[in-house]
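Data first, discussion second: the structure below is written as structure tokens.
Taken together, the values in this text are just the output of simple stated rules run on the coordinates, not laboratory data. On a predicted model such as this, the values are computed, not experimentally measured, just so you know. Neighbour counts are summed over all protein chains in view; Cβ atoms, including those assigned to glycine, are modelled from backbone coordinates with ideal geometry.
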Amino acid sequence: MINEDLKTYRSGYVSIIGRPNVGKSTLLNSILGEKIAIVTPKPQTTRNRIIGIKTLPDAQIIFTDTPGIHRPKHKLGETMVKTAIESFKEVDLVLLMVEPREPAKGDILIIKLLKNIHIPVFLLINKIDLVKKPDLLLIIEHFSKLYPFREIIPVSAVKLDGVNLLIKKIRDYLPTGPRYYPDDLLTDQMERFMVSEIVREKIMSMTEEELPHSVAAEVTEWKEREDGLISISCNIYVEREGQKAIIIGKKGAMLKSIGTSARIDIERLLNTRVFLELWVKLKKNWRNDNQLLKELGYK
């Protein structure tokens with residue numbers, strides 16, 4: 001039962017930030033116990049700000065999983081970094097996630113940005129299952145000299161080590177406040193957006209290293225039939241003809257595999273049968289097209 005006494009109930013917004021591919025989306029999924037953010041081994045997977053909601057008996061934590069902060073090479077990259085930095089201004093607590101190694105240039109860049117904010121910042125050292133304890137203590141010491149972190153918490157987002165302690169510590173730092181969302185809501189993301197993200201995740205998982213970052217997905221049609229089946233049409237945008245050929249594959253084999261894998265996850269998300277139709281379209285230099293970026297939700 002949720003405690004509605006506003007004198008004791010706590011709520012607030014928490015931003016998860018860090019360099020690309022340090023495990024931010026994996027951590028958010030682990031905290032929520034459900035997959036709401038796509039995860040791949042490739043950097044810069046997250047492009048939008050994803051909101052995840054963790055409701056406890058005496059608190060509600062609203063997480064924002066932001067794109068990795070990096071030096072952008074195009075307007076899409078600039079938008080991603082701007083989204084991450086803007087999140088500092090709207091939250092009650094920041095979680096800086098790093099890998100278990102000496103502070104890298106990217107980590108130091110982010111820490112410099114944090115020196116202008118006046119809210120608590122936790123340092124999360126992820127992937128601790130990959131490092132020995134003496135080395136971990138040395139890493140903690142080096143990061144401690146760079147910034148006055150309120151808490152330093154080693155975690156393994158994949159193995160859930162330290163996740164419960166992290167949730168407890170976050171709860172302790174939140175201000176008193178109301179319950180903003182219903183108990184059973186895990187994210188504010190619309191179903192269409194989540195479907196397009198699932199399609200993009202499958203492309204990233206199944207294609208070559210450089211191709212995924214030139215790809216966007218957009219749901220263009222959504223029809224619910226009387227028998228419960230949902231018919232979805234989704235455009236996949238690429239920048240070059242060669243990329244289009246890679247995604248379609250020989251005799252359409254790759255596109256079919258992407259569609260089959262995506263449909264299984266989409267049916268699990270929507271809890272109903274789905275007919276998924278994918279179209280691959282050429283949009284040259286779309287990552288520098290302000291109008292298309294807005295249409296795709298990269299604001």
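Using 0.36 nm per residue and subtracting the Cα-Cα separation, the extra length available between K133 and D227 on full extension is 28.2 nm.
When F149, F275 are ordered from fewest to most other Cβ atoms inside 10 Å of their Cβ, what list results? Could you put the intermediate results ahead of the total?
Values: F149 19, F275 12.
Taking fewest neighbouring Cβ atoms as first place, the list is F275, F149.
With the convex hull constructed from alpha-carbon coordinates only, region 125-267 shows a mean projected area of 14.2 nm² over all directions. Summarising the label geometry, the points placed 7 Å from Cα in the beta-carbon direction at A245 and K112 lie 4.3 nm from one another. Extent along the principal axes, Cα only, for region 191-295: 40, 32, 19 Å, with the longest axis given first.
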